[in-house]
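Worksheet for the structure shown next.
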Amino acid sequence: MTKDKVFYQFPTNFLWGSSTSGPQSEGIEPGDGKGQNNWDYWYSIEPERFHNKIGPSQTSTFYKHYEKDIDLLVETGHTVFRTSIQWSRLIPTGTGEINQEAVSFYRSVFSLVRAKGIQLFVNLYHFDLPYCLQEKGGWENKEIVQAYEAYARTCFELFDDLVDRWITFNEPIVPVECGYLGNYHYPCKVDAKAAVAVAYHTQLASSLAVKACHEVNPHKKIAIVLNLTPAYPRSEQAEDIKAARIAELFQTKSFLDPSVLGEYPDELVELIDAYGLMPEVSDEELAIIKENRVDFLGVNYYQPLRVQAPTNSWKEGEPLTPEHFFAPYDMPGKKMNPHRGWEIYEKGIYDIAINIKENYYNIEWFVTENGMGVEGESAFKDNGLIQDDYRIEFIEDHLIELHRAIQEGANCKGYMLWTFIDCWSWLNAYKNRYGLVELDLDTQERIVKKSGKWFKKLSDAN
């Protein structure tokens with residue numbers, strides 16, 4: 001936070017709000033008709049993998065308390081809100097019969113958000129796959145593309161009148177990295193060829209959803225949300241620069257280029273082909289990707305990716321992982337969030353903005369996630385209120401860099417924090433708190449933090 005007070009005025013109609021997701025906020029209630037998804041199944045067989053054995057049924061009870069929570073959106077100054085539909089709630093077995101309880105729930109939520117004067121962005125997929133489809137191979141099986149397209153079209157037909165903008169996928173590279181190149185998301189499978197197939201099928205599904213959205217409503221805008229983490233090399237040496245370029249190909253350009261430009265980077269295709277990882281691809285599918293590009297982008301940014309030349313070489317027969325192409329670099333003296341263990345590098349958001357401006361048609365975009373997770377946040381409570389000045393400072397310092405980019409012509413139209421209320425987070429449960437609103441897990445009481453009151457002033461003053 002700067003010592004001398006400087007006012008940064010954002011453009012007229014700039015949107016302020018937050019993001020959440022269905023699987024991290026809704027929870028499960030008796031009689032809600034929700035089907036089992038991949039997280040529900042994984043928790044049922046390995047609950048010890050989840051922090052304090054808190055599973056996906058015990059999320060922040062939005063399903064039961066959404067009216068109160070939407071009032072808190074108003075209280076914290078929201079002019080935009082992003083959430084997601086759970087595929088497993090709407091169509092419990094992934095294909096076929098629609099759960100009417102889910103239709104009623106989502107229409108009630110969406111109607112109330114809109115009635116409060118808040119724009120609504122709805123994401124179709126936030127890491128939650130109906131387990132019935134996972135049993136058939138999940139995203140490795142190309143048949144899932146048609147199932148997702150049918151699900152997306154169902155959502156457009158049921159809810160388009162209540163949704164301001166649609167999103168196909170949130171951070172689609174994460175299930176690839178964590179589920180097929182690492183042991184962090186189900187199915188915890190280290191298989192590079194499967195990872196490439198999963199990524200390709202996801203992109204094809206996203207493009208088909210764009211096509212379906214425009215067929216249902218030609219005037220409706222639809223995006224993909226990507227965690228566009230910039231890759232910074234350790235040094236200017238050729239080996240480090242190459243490592244950063246490959247990291248960017250894998251982590252960023254693998255979805256950014258086909259989604260916005262309609263084509264995969266030649267260097268990425270050549271690299272995949274050189275290691276025998278090419279999925280089954282048809283000219284018709286590539287034409288679908290080419291002709292159905294997103295209307296705008298959502299960008300999630302938390303921390304930079306710092307890399308160096310790989311420290312171990314790949315030997316044939318070994319599992320192929322990203323570490324054979326680039327290694328993480330622990331930069332001395334970096335600014336840290338000591339509560340979460342992540343680097344804080346505000347300029348990353350500026351670099352993302354300029355990259356989009358210069359290389360991606362300056363497409364319209366929104367910050368759809370940015371935030372600061374803190375473990376043990378109750379230690380900062382004073383007189384019943386969490387005094388999270390660290391979160392205010394984190395947001396301010398990122399907004400200063402975002403404002404600088406907008407002044408230089410970046411086409412960013414809004415900022416959404418992760419998240420409005422402390423929510424459940426995959427394997428970490430409630431270990432790290434991100435909300436503008438505190439959630440007491442024992443009483444379910446919601447208490448606006450200092451940052452929530454500050455965010456209202458920020459939004460009001462733009």
key: R114 accessible area, 1.4 Å probe, all protein chains in place, Å² to nearest 10   = 90
request  = Rounded to whole Hz and in sequence order, give me ³J(HN,Hα) for region 346-354 from the Karplus expression 6.51 cos²θ - 1.76 cosθ + 1.60, θ = phi - 60°, writing x for Gly and Pro.
outcome  = 5, 4, x, 5, 5, 4, 4, 4, 5
task = Leaving ligands, DNA and RNA out of it, work out the accessible area of E393 with a 1.4 Å probe and give it in Å² to the nearest 10.
result = 70
inquiry  = Once ligands and nucleic acids are excluded and a 1.4 Å probe is used, how much of E239 is accessible, expressed in Å² to the nearest 10?
reply    = 110
key: Share antiparallel - DSSP beta bridges, the chain, percent rounded to 5   = 30
inquiry  = What's the ranking of 36-47, 431-442, 197-208, 310-321 by average number of surrounding C-beta atoms within 10 Å, highest first?
reply    = 197-208, 431-442, 36-47, 310-321
ask   = What residues qualify as long-range amide H neighbours of S18, i.e. H under 5 Å apart, gap of 5 or more or another chain, H built at 1.01 Å from N?
value = V80, R82, L417
ask   = Using only helices, what value at 222 nm comes out for the chain when you add -39,500 (n - 2.57) per DSSP H run of length 4 or more and divide by the total residues, to the nearest 500 deg cm²/dmol?
value = -11500 deg cm²/dmol
query = What ³J(HN,Hα) values, in whole Hz, does the Karplus curve 6.51 cos²θ - 1.76 cosθ + 1.60 give for region 387-402 when θ = phi - 60°, with x put for Gly and Pro?
reply = 8, 8, 4, 4, 6, 4, 4, 4, 5, 4, 5, 6, 5, 4, 5, 5
task = Would you mind checking which residues have amide H under 5 Å from G371's amide H? H placed 1.01 Å from N; only 5 or more apart, or other chain.
result = W418
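Scan region 67-126 for GluC sites (Glu not before Pro) in coil per DSSP, keeping those whose Cβ has at most 16 other Cβ atoms within 10 Å, and list them by number.
Here the sparse-neighbourhood loop sites are E97.
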Charge sum, other residues only, whose C-beta stays under 14 Å from Q134's C-beta, Lys/Arg counted +1 and Asp/Glu -1 = -3
task = Any lysines with Cα under 18 Å of the K136 Cα? List them, leaving off those in the same chain fewer than 8 positions away.
result = K189, K193
task = Under 13 Å Cα to Cα from K334, which aspartates and glutamates show up? Leave out anything in the same chain fewer than 8 places away.
result = E343, E346
query = Counting only residues 5 or more places away or on other chains, whose amide H sits under 5 Å from the amide H of I224 once H atoms are built in the peptide plane?
reply = T168, F296, G298
ask   = Normalised by the residues of region 1-75, what does the relative contact order come to in percent, with Cα pairs under 8 Å and at least six apart?
value = 36
inquiry  = Can you compute 3J(HN,Hα) from phi for each residue in region 255-267, using the Karplus curve 6.51 cos²θ - 1.76 cosθ + 1.60 with θ = phi - 60°, rounded to whole Hz and x for Gly and Pro?
reply    = 10, 5, 5, x, 6, 9, 9, x, 9, 7, x, 4, 4
task = Check the straight Cα-Cα distances from K315 and name the aspartates and glutamates below 18 Å, setting aside those fewer than 8 residues away within the same chain.
result = D191, D273, E323
key: DSSP bridge orientation in region 224-380 - percent antiparallel, rounded to nearest 5   = 30
Distance violations [Cα-Cα > 25 Å] among K381/K413; K221/K347; K64/K116; K335/K457; K53/K449 = K381/K413; K221/K347; K335/K457; K53/K449
Gap separating the Cα centres of region 164-226 and region 289-343, nearest whole Å = 18
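The values are calculated or read from the model by the stated rules, or taken from the named source; none is laboratory data. Just so it is clear, the model here is predicted, and its values are computed rather than measured. Positions of Cβ are generated from backbone atoms using ideal geometry, with glycine treated the same way; all protein chains shown enter the neighbour counts. Keep in mind that these areas ignore ligands, DNA and RNA; they rest on the heavy atoms of the full protein, side chains included. Shrake-Rupley method; radii C 1.70, N 1.55, O 1.52, S 1.80 Å.
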